[in-house]
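Scroll down for the structure; my scribbles are underneath it.
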Amino acid sequence: MSRLTILDGGMGRELKRIGAPFSQPLWSAQALIEAPQCVTQAHQAFINAGAEIITVNSYACAPFHLEEFEWQLADGASAISYSFSANGEHFLVLDSLGFLNVLEAHAHDGEIHWELIGQVDITQEDVTTMPEGMKFSMTVAQNGQFAYVVDPIAQHVVQVHLEDLEIEGELELTFPPVAITWLGIAQEEEHDHVH
């Protein structure tokens, strides 16, 4: 018999059901900004219902939906990946020059504004040596304050702590990674028998 894996449900519908702030054009991203505890509550409801894989609440998490930033990427850089942190406190922009740009929200005159609080240099390599067809890639842990960035040039995965803006670990690989995705953390199943 094949094993069935259960994914979470529709985040927007669940957020609306529990009363999270929810309107166009932000949709479920509005809860990340205004009520991140609702996002946590929705994820927990899916887990309690048996979901084994929880997906990121990132629909409509694009800068043009959120606001005009007063911050711009460095000359010659382009945004290649972006995401909110698990609790919605940080907005992350990974650029083509190998910098993880971390922005933080703050309220000003009744509106949310985002400011750059720091950058983390992901690679010590010359970015012009990026293998053809490849690029840096990022995912965010949904159980803590970490982002994981793959560097195809150096052939490793870098773990970045989002509060300290420091690289806390590296996983060396024997191949250039193409992409990275957060699938969650597996829990050990309980057994009623002795091994």
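The values are calculated or read from the model by the stated rules, or taken from the named source; none is laboratory data. All values derive from a computational prediction rather than experimental measurement. Please note: Cβ atoms are built from the backbone with ideal geometry, for glycine as well, and neighbour counts cover all protein chains shown.
Yes or no, residue by residue, for (1) closer than 19 Å to Ala79 by Cβ; (2) surrounded by fewer than 18 Cβ atoms within 10 Å (Cβ to Cβ):
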| site | (1), (2) |
| --- | --- |
| Leu92 | yes, no |
| Leu103 | yes, no |
| His106 | no, yes |
| Glu115 | yes, yes |
| Thr123 | yes, no |
| Pro131 | no, yes |
| Met134 | yes, yes |
| Met138 | yes, no |
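Listed here are the residues, each with its yes/no results for (1) in the same structural domain as Ala35 (by TED's automatic domain parsing); (2) more than 20 Å from the chain's Cα centre (by Cα); (3) modelled with pLDDT under 95.
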site: Val120; (1), (2), (3): no, no, no
site: Val127; (1), (2), (3): no, yes, yes
site: Glu132; (1), (2), (3): no, yes, yes
site: Thr139; (1), (2), (3): no, no, yes
site: Phe146; (1), (2), (3): no, no, yes
site: Val160; (1), (2), (3): no, no, no
site: Glu163; (1), (2), (3): no, no, yes
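The C-beta contact set for the stretch 40-56 (first residue more than 14 Å from Leu15 (Cα to Cα), second residue of a type in the set (S, T, N, Q), distance under 8 angstrom, 6+ apart or interchain) comprises Glu52/Thr5; Ile53/Thr5; Ile54/Gln142.
Considered as a group, the residues in the stretch 64-112 that are of a type in the set (Phe, Trp, Tyr) and over 26 Å from Cys38 (Cβ atoms) include one that is modelled with the lowest pLDDT, and that residue is Trp71. Of the listed requirements (1) modelled with pLDDT of 90 or more; (2) touching a Ser or Thr at 6+ places or on another chain (Cβ under 8 Å), Ala179 misses just one: (1).
Flag not set for Glu132, criterion: of a type in the set (D, E, K, R) and touching a Leu at 6+ places or on another chain (Cβ under 9 Å). Scan the stretch 8-31 residue by residue and report those that are of a type in the set (A, V, I, L, M) and either at pLDDT below 80 or not assigned by TED's automatic domain parsing to the domain that holds Ala51 (or both). Residues satisfying the conditions are Leu26, Ala29, Ala31. Of all residues in the stretch 48-57, those satisfying the criterion of being surrounded by fewer than 16 Cβ atoms within 10 Å (Cβ to Cβ) and either among the hydrophobic types (A, V, I, L, M, F, W, C) or at pLDDT below 75 (or both) are Ala49, Ile53.
Within the stretch 24-54, the residues that satisfy the criterion of being out of contact with any helix residue (DSSP H, G or I) (no Cβ under 8 Å at 6 or more places or on another chain) and in a loop (DSSP other than H, G, I, E, B) are Gln24, Ala35, Ala49, Gly50, Ala51, Glu52. In the stretch 165-176, of all residues being within 20 Å of Leu97 (Cβ to Cβ) and assigned to a loop (DSSP other than H, G, I, E, B), the one that is modelled with the lowest pLDDT corresponds to Pro176.
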